Amino acid sequence: MEAQESEMMIVQELLTEFELIVDSMEQPRERPRDNKEQKKYFSGKKKQHTFKNQVVSMPEAKEIVDVVVGVKGPTSDISLFRKQQQKFAAEQSFQGDKAYIGGTNISTPHKKPRNGKLTAEQKEENKVFSSNRVFVEHIIRVIKIFRVASERFRLHPDTYEQVILTVCGLVRLRISSLILPGLS
C-alpha cells in the first residue's frame with residue numbers, strides 16, 4: 001500500500017509541471033422506471049435523462065489523466081470538478097471552459113460583462129486559450145467514436161462505468177500508439 005501511495009505522490013508531482021485541461025460531456029440513458037430516479041437523472045440542459053462524464057487530459061491531448069464516469073446528469077460541471085480536484089496536488093493548475101468559473105487553480109476564458117463588450121486584447125486571449133483547450137474536445141470526440149459512448153446507453157446502468165472506462169482505456173491505447181507530427 002505504501003508503494004502505491006509513493007508512486008501516486010511522484011505522479012502528482014510530475015503532473016504539476018503541466019496545466020491540465022478539463023471538460024465534461026453528457027450521454028443520454030434509458031429513462032428510469034422509478035419517478036424519484038427519473039428526477040435525479042433528468043438534465044434540463046439536454047431535456048432528457050443523462051449520465052455526465054468528466055475528462056482531464058494533458059496539454060496537446062498526449063494522455064487522458066483522469067475520468068469521472070456516470071454522475072447524474074443535472075450535476076454542474078464545477079461541482080464535479082471540485083470533487084475531482086481533490087485527487088490532484090493542491091498546486092495543480094487546470095484549464096476549463098466557462099462552466100468552471102469560480103473554481104480554484106483553474107483558468108477560464110474572459111466572460112463578456114453584462115451590457116458590455118470584451119476588449120480586443122481579451123478576445124485575443126480567449127482565442128489563444130481556446131486553441132490550447134481544443135485538445136480535450138478532440139479526446140472527447142475520439143471517445144464518442146465508440147457508439148456505446150455516444151448514443152443512448154441501453155445496457156444496465158450498473159455496467160455504465162465499466163463500459164466507459166474500457167472505452168477510455170482503448171482511447172489511451174490509441175493515443176499512445178499514434179505518432180502524429182504535431183505530438184512528437
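Step through the table entries Lys62/Lys127; Lys62/Lys117; Lys39/Lys127, compare each Cα-Cα distance with 31 Å, and write down the pairs that go over it.
Lys62/Lys117; Lys39/Lys127
Legend: ranking of residues Val69, Val167, Val128, Val22 from fewest to most surrounding C-beta atoms inside 10 Å; resulting order Val128, Val69, Val167, Val22. Could you tell me which label, among (i) 39, 17, 13; (ii) 23, 22, 15; (iii) 27, 24, 17, carries the value of semi-axes √(5λ) of the Cα gyration tensor in Å calculated for this structure? The value computed from this structure is option (iii). Bridging of Lys123 to lysines at a Cα separation below 22 Å is possible for Lys98, Lys111, Lys112, once same-chain residues fewer than 8 apart are set aside. Applying both filters, DSSP loop and at most 10 other Cβ atoms within 10 Å, to the trypsin sites (Lys or Arg not before Pro) of the stretch 114-155 gives Arg114, Lys117, Arg154. Direction-averaged projected area, Cα convex hull, the stretch 97-175: 7.9 nm², rounded to one decimal. Computed over neighbours whose Cβ is under 15 Å from that of Glu17, the net charge equals -4, Lys and Arg +1, Asp and Glu -1.
What's the magnitude of the charge dipole for the chain around its Cα centre, counting Lys and Arg as +1 and Asp and Glu as -1 at the beta-carbon? Answer in Debye, nearest 20.
So the magnitude is around 1480 debye.
Using C-alpha pairs below 8 Å separated by at least 6 residues, the relative contact order for the chain is 23 percent. When Tyr160, Tyr41 are sorted by how many other C-beta atoms sit within 10 angstrom of their C-beta, beginning with the fewest, the order is Tyr160, Tyr41.
No value in this document is a laboratory result; all are computed from the given coordinates. Model, not experiment: these values are computed from the prediction. Don't worry about glycine lacking a Cβ; one is built from the backbone with ideal geometry, like all the others, and counts go over all protein chains shown.
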